[in-house]
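Derivation of every value follows stated rules applied to the coordinates shown; laboratory data play no part. Bear in mind the structure is a predicted one, so any value in this text is a computation, not a measurement. So basically every Cβ, Gly included, is an ideal-geometry build from the backbone, and we count neighbours across all protein chains shown.
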Amino acid sequence: MEPAPAAPAYQNLVARLNRFPQGAPPSPSLYRILELLFSEREAELVSRLPIKPFTAETAARAWRMDPVAARQVLDELAGRAILVDSEWKGETYYTLPPPMAGFFEFSMMRLRGDVDQHLLAELFYQYLNVEEEFIRQLFVGGETQLGRIYVNEPVLAAQAAVKVLDYERASYVIRSATHRAVGLCYCRRKMQELERACTAPLEICMTFNTTADSLSRHGFAREVDVAEGLDLLAQAYEHNLVQFGENVQEGVNFICNCCGCCCEAMIAARRFGFLRPIHTSNFLPWVDEATCSGCGKCVAACPVEAMGLVSANDPHHPARKKARVAAELCLGCGVCARVCPAQSIRLEARPQRVITPVNSTHRVVLMAIERGTLAELLFDQATAGHRALAAVLGVILKLPPAKQLLASQQVKSRYLTALIERYAA
């Protein structure tokens, strides 16, 4: 029996979510998730909100509502971590985050009684772990991805450590953030509800800057100082968790501490590793075959099954094994080097440096171009104001010619083509 079609308000909300470069393919599971998180009225209102940060006055105009009433709705949604609110130059700005990393995860970052979290966990598992379309679209829809890996800093040898840029260090993100907070790991929290969680720490996933400020003010995360943030990072290292964070150099909003069994980013890396669903670190493990004992601890610890054991081809010990890395699958996290009892694994710089987008605008523009949604992004920025549009156009003008050509072909705008040609001249 076919499920009843979703109410128009939820269909409109799904259409709005799919204006993000990382969208949310419609399915009965998705509509049930949205029905748990949004009332029908809220779904209709949120479907009219812009992508970029906006004020209560902007929402009031979109909703044809009194600004005071609009602010009350926005504050209610921010209080449930549907929206992220932040202060800038004395004014409150609101942002609707994408489902991931965004309000899907925020809904499970604390224990709460206003939502059926067990049902939500079952639906998330169905939509993200059983159905494949959302994870495929989120992680492998283009060359530029949502997240990247931070290298395990303690295992870096001195000569390798000097090659790590500040923004590649999770410790630097913690130290430099304006705000930092810790919440429950969404992935393990979901698996906990389904009685499938591992024993890795639960309260260990971190948010930063405006996201941390909003989530901690509304009780969805706990604010921490630099010292506790670094202690949490050390705890993650001790449990061989992988640092998966926002794929930007500036203004990082999250770093998750991921296990291989529960965390969707690691599961996606195993499913679609050959498609590079996650930006790797700039390092690869190198195995000293002369000292490797073939114990297999690196194989057990690797969250994406990039380590394996092969014959050591030792005529005196035919059963002897040695570790080998599948470079095309490796994230460069360094967990394997940490667990090696013989210290036979060290991290070496990759032959070609992995490029990280400068900020979220840079990443979103790249993702939109690669996923064919640039026209929608430009239209959204134009309605948000000339400054928002100028920021996007500024990114496009600095892109390589091949990306600019894709942008021009998608938008089919004589103005954009002339602007690109003039900038290149």
- Query: Each residue of the stretch 336-352 in order: what ³J(HN,Hα) in whole Hz does its phi give by Karplus 6.51 cos²θ - 1.76 cosθ + 1.60, θ = phi - 60°, with x for Gly and Pro?
  - Reply: 4, 5, 5, 8, 5, x, 8, 6, 8, 10, 10, 8, 10, 5, 5, x, 10
- Note on the structure: Here the FRET efficiency for GLU87 versus HIS239, based on Cβ atoms and R0 = 41 Å and rounded to 0.05, is 0.70
- Message: Going by amide H atoms built from the backbone, whose H comes under 5 Å of the H on PHE283, apart from near neighbours?
- Response: ARG350
- Each residue of the stretch 15-31 in order: what ³J(HN,Hα) in whole Hz does its phi give by Karplus 6.51 cos²θ - 1.76 cosθ + 1.60, θ = phi - 60°, with x for Gly and Pro? 4, 5, 5, 7, 7, 5, x, 9, x, 9, x, x, 6, x, 5, 4, 5
- Task: When a/c is below 1.5 the answer is rounded, else prolate if a/b is larger than b/c, else oblate, so apply that to the stretch 135-275 with a ≥ b ≥ c taken from the square roots of the Cα gyration tensor eigenvalues.
- Result: rounded
- In order over the stretch 147-153: 3J(HN,Hα) from phi, Karplus 6.51/-1.76/1.60, θ = phi - 60°, whole Hz, x for each Gly or Pro, gives x, 9, 9, 9, 6, 6, 4
- Task: Tell me which residues come under 5 Å, amide H to amide H, from ASN253 once H is placed; ignore anything under 5 positions away on its chain.
- Result: GLU246
- Query: If one computes the Cα centroid of the stretch 21-64 and of the stretch 308-372, what distance in Å separates the two points?
  - Reply: 39
- Sorted by chain and then number, the residues having a modelled amide H within less than 5 Å of the amide H of ALA197, at least 5 places away or on another chain, are GLN192
- Message: Can you compute the FRET efficiency between LEU230 and ARG136 using 1/(1 + (r/R0)^6), with r the Cβ-Cβ distance and R0 = 22 Å? Round to the nearest 0.05.
- Response: 0.05
- Message: Taking the alpha-carbon distance from LYS89 and a cut-off under 21 Å, which lysines remain once sequence neighbours fewer than 8 residues away in the same chain are dropped?
- Response: LYS52
- Take the chain, connect every pair of alpha-carbon atoms lying under 10 Å apart with a spring to form a Gaussian network, then pick out the residue of PRO400, PRO21, PRO99 with the largest mean-square fluctuation. PRO400
- Helix 401-411 versus the longest principal axis of the chain: what is the Cα-based angle in degrees, 0 to 90, to the nearest 10? 30
- Under the definition of Cα pairs under 8 Å and six or more residues apart, what whole-number percent is the relative contact order of the chain? 15
- Message: Only four residue types carry charge here, +1 at the Cβ of Lys and Arg and -1 at the Cβ of Asp and Glu. Report the dipole size of the stretch 271-370 about the Cα centre in Debye, rounded to the nearest 20.
- Response: 140
- Message: Suppose we look only past 42 Å in the calculated P(r) of the chain. What percent of the Cα-Cα pairs does that tail hold?
- Response: 16
- In a GNM of the chain with a 10 Å cut-off on Cα contacts, which of PHE20, PHE274, PHE283 has the highest mean-square fluctuation? PHE274
